[in-house]
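A.B. asks: Encoded as structure tokens, here's the structure I'll be asking about.
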Amino acid sequence: MTTHAQELERYRSEKKESYALYGRAEKVLPLGVSSNFRTYEPYPIYIQRAQGSKMWDVDGREYTDFSMCFGALMVGHSHPVMVEAIAKAASEGTLYGMPHDREIRAAELICDRFGLEQMRFTNSGSEATLHALRMVRAFTGRDKIVKFEGGYHGGHDTVLVSVKPPRSKIGHVRSPKALAVGHGIPALTVENTLVATWNDLASVRGLFERHGNDVAGVIVEPVMMNVGVMPPRDGFLQELRDLCDEFGALLVFDEVKTGAKLAWGGAQPYFQVKADVVCLAKAVGGGLPLGAFGARRELMDEIGSFRSFHAGTYASNPLATTASITALEKILVPEVYPKATALGDALAEGHSKIIKKHGHPWCAVNHGTSGTVYWRKTPPTNYREWLDQDFDAFWRYWHMNLNRGVIPQAQCYDEQWTVSALHTQGDVDRMLSVFDEIAREMK
Ligand SMILES: Cc1ncc(COP(=O)(O)O)c(C=O)c1O
């Protein structure tokens, strides 16, 4: 049996080039990274290249990758069809700052697939939710937005509230306190963000009863994916839909992760619930930075009539829209989802069997192409239950995986694995055999 300290020693001894890069990076990049979510102890591996379901670090070590850039690479790394299309597009100009045919084709594909009448492009998920919420506020003439405790919707102030609030400050489960994520978020902004408990309709109704006339909309990730993979209980999304209708508010689906991963068409057909606004990014971009938000024409008219603002130098650039068209038309086709879901289900079943075999108090889940191990006996159903986990066990598992050539999910215990179009049964078998060894060692 190896201890966590021994695993960390091995990590340091095998990832020396990464350490050298980390030393350089720290001088110019806070934490040595360009996004807070990429940092972890003792220092991250630095990647040299990626292909298919594999990545290689600067120390020359190969990893079977189930992080797939936080789910953005549902097409897989450097899919040959994507590489060819992107290379051709790059040779024809990367930015025009003027309209072109590819943005129309990409918009047609996205509108058709996600049941939207109109949409606008952004470059990221954060921008998509930011513009969507502004439009929702403009349409309703109201300022308050309801979000769920533990939900992440990007890096702008309205939604940087109660993402991972500390247990000591969160208040009663029926009326969670709205807590800013770090400094720099104006108190006045936090006042306009109301926080409810996932899967608890009474907590949402309570907010509507207190603030109903001021609530512009409810933003919800249909399967919460910044607390592992946490689905709604049966009927919950429809109940939210009904509550929004009752109080004249709009329902916003943040499908940045679920959109092109949960199923073809995303959460609306999957759960048979219609949202007013859909936000997209990650996998719909085919590996390039692209986001979108869309709705029925009446709502998008807020932008069409110049009442609500949307613009962006890089929005709908020919490179990203070409990648999106290629991904949606050629790779993320309906047939890919049952195949990737079956591999994801096999991962969850395999993990569950291994957990049982070694008698650990953990569990594993998969929904669509995303899954995770929870470091507790049963899958949590809200953020507070999610907090009740053995996070130390996660970090030991994380380092043990990296030492054995597997990136089991995106980094940190709140993320999940992604089964892409390029993953195979061989990748699933590899991850499970490493997990078997880890679970045995961690007994
Ligand atoms: C559900 C959800 N919404 C929004 C975002 C923000 O997207 P981006 O990182 O592209 O700004 C993320 C990112 O992980 C996300 O998971």
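No lab work stands behind these numbers, since they all come straight from the coordinates. Nothing here was measured: the structure is a model prediction, and the numbers come from that model. As a convention, Cβ positions derive from the backbone with ideal geometry for all residues, glycine included, and neighbour counts pool all protein chains shown.
A.B. asks: Taking a ≥ b ≥ c as the square roots of the Cα gyration tensor eigenvalues, with a/c under 1.5 meaning rounded and otherwise prolate when a/b beats b/c, else oblate, which class fits the chain?
C.D. replies: Oblate, because a/c is 1.5 or more while a/b does not exceed b/c.
A.B. asks: Under 1.5 on a/c is rounded, so check that first for segment 269-332, then, if it is not, pick prolate when a/b is larger than b/c and oblate when it is not; a ≥ b ≥ c are the square roots of the alpha carbon gyration tensor eigenvalues.
C.D. replies: oblate
A.B. asks: Got a sec to turn the phi values of segment 224-236 into Karplus ³J(HN,Hα) couplings, 6.51 cos²θ - 1.76 cosθ + 1.60 with θ = phi - 60°, whole Hz, x for Gly and Pro?
C.D. replies: Whole-Hz 3J(HN,Hα) from phi for segment 224-236: 5, 10, 10, 9, x, 9, 10, x, x, 5, 3, x, 4.
A.B. asks: Name the residue farthest towards the positive end of the dipole of the chain from the options Ala249, Val428, Ala393, assuming +1 on Cβ of Lys and Arg, -1 on Cβ of Asp and Glu, about the Cα centre.
C.D. replies: Ala393
A.B. asks: Same structure, new question: Rg to Rh for segment 157-216: what is it, with Cα atoms only and Rh by Kirkwood?
C.D. replies: Using only Cα positions, Rg/Rh for segment 157-216 is 0.95.
A.B. asks: While we're here: Could you tally the net charge around Met230, taking each other residue with its Cβ under 11 Å from the Cβ of Met230, Lys/Arg +1 and Asp/Glu -1?
C.D. replies: Spelling it out: positives minus negatives among the neighbours equals -2.
A.B. asks: What residue among Glu84, Glu302, Glu92 shows peak mean-square fluctuation when the chain is described by a Gaussian network model with Cα springs under 10 Å?
C.D. replies: Judging by the Gaussian network model, the answer is Glu92.
A.B. asks: Continuing with this model, one more query. Which of Thr94, Ile219, Met74 sits farthest toward the positive end of the charge dipole of segment 70-228, with +1 on the Cβ of Lys and Arg and -1 on the Cβ of Asp and Glu?
C.D. replies: Ranked along the dipole, the leading option is Ile219.
A.B. asks: OK, next. Can you give the local net charge around His156? Use residues other than it whose beta-carbon is closer than 11 angstrom to its beta-carbon, Lys and Arg +1, Asp and Glu -1.
C.D. replies: Once positives and negatives cancel, what remains is -1.
A.B. asks: Taking segment 55-148, which chymotrypsin sites (Phe, Trp or Tyr not before Pro) meet the DSSP loop condition and have no more than 13 other C-beta atoms within 10 Å?
C.D. replies: Tyr96
A.B. asks: Hey, can you grab everything whose amide H is under 5 Å from the amide H of Leu194? Only 5+ residues off in sequence or another chain; H modelled, so Pro and N-termini drop out.
C.D. replies: Placed amide hydrogens put Ile145, Val146, Lys147 under 5 Å from Leu194.
A.B. asks: Continuing with this model, one more query. Between segment 350-387 and segment 136-175, how far is it from one alpha carbon centroid to the other, in angstrom?
C.D. replies: Their Cα centres are 26 Å away from one another.
A.B. asks: Per residue of the chain, what 222 nm ellipticity follows from adding -39500 (n - 2.57) for every DSSP H run with n ≥ 4, rounded to the nearest 500?
C.D. replies: After summing the helix terms and dividing by the residues of the chain, the value is -12000 deg cm²/dmol.
A.B. asks: What do you get when you divide the Cα radius of gyration of segment 192-349 by 2.2 N^0.38 Å, with N the number of residues?
C.D. replies: Its radius of gyration relative to the 2.2 N^0.38 Å reference: 1.14.
A.B. asks: Go ahead and set up a Gaussian network model of the chain, Cα springs under 10 Å, then flag whichever of Gly125, Gly115, Gly312 fluctuates most.
C.D. replies: Gly312
A.B. asks: May I ask you to list the trypsin sites (Lys or Arg not before Pro) in segment 169-216 that are in a DSSP loop and have at most 15 other Cβ atoms within 10 Å of their Cβ?
C.D. replies: Arg174, Lys177
A.B. asks: Let me ask another. In whole Å and largest first, what semi-axes does the C-alpha gyration tensor of segment 319-425 yield when each eigenvalue is scaled by 5 and square-rooted?
C.D. replies: Over the Cα atoms of segment 319-425, the ellipsoid semi-axes are 29, 15, 14 Å.
A.B. asks: Can you bin segment 80-221 into rounded, prolate or oblate? Criterion: square roots of the alpha carbon gyration tensor eigenvalues sorted a ≥ b ≥ c, rounded for a/c under 1.5, prolate for a/b above b/c, oblate for the rest.
C.D. replies: prolate
A.B. asks: How much of the pair distance distribution for segment 210-301 lies past 14 Å, counting alpha-carbon pairs only, in percent?
C.D. replies: Summing the P(r) tail past 14 Å for segment 210-301 gives 66 percent.
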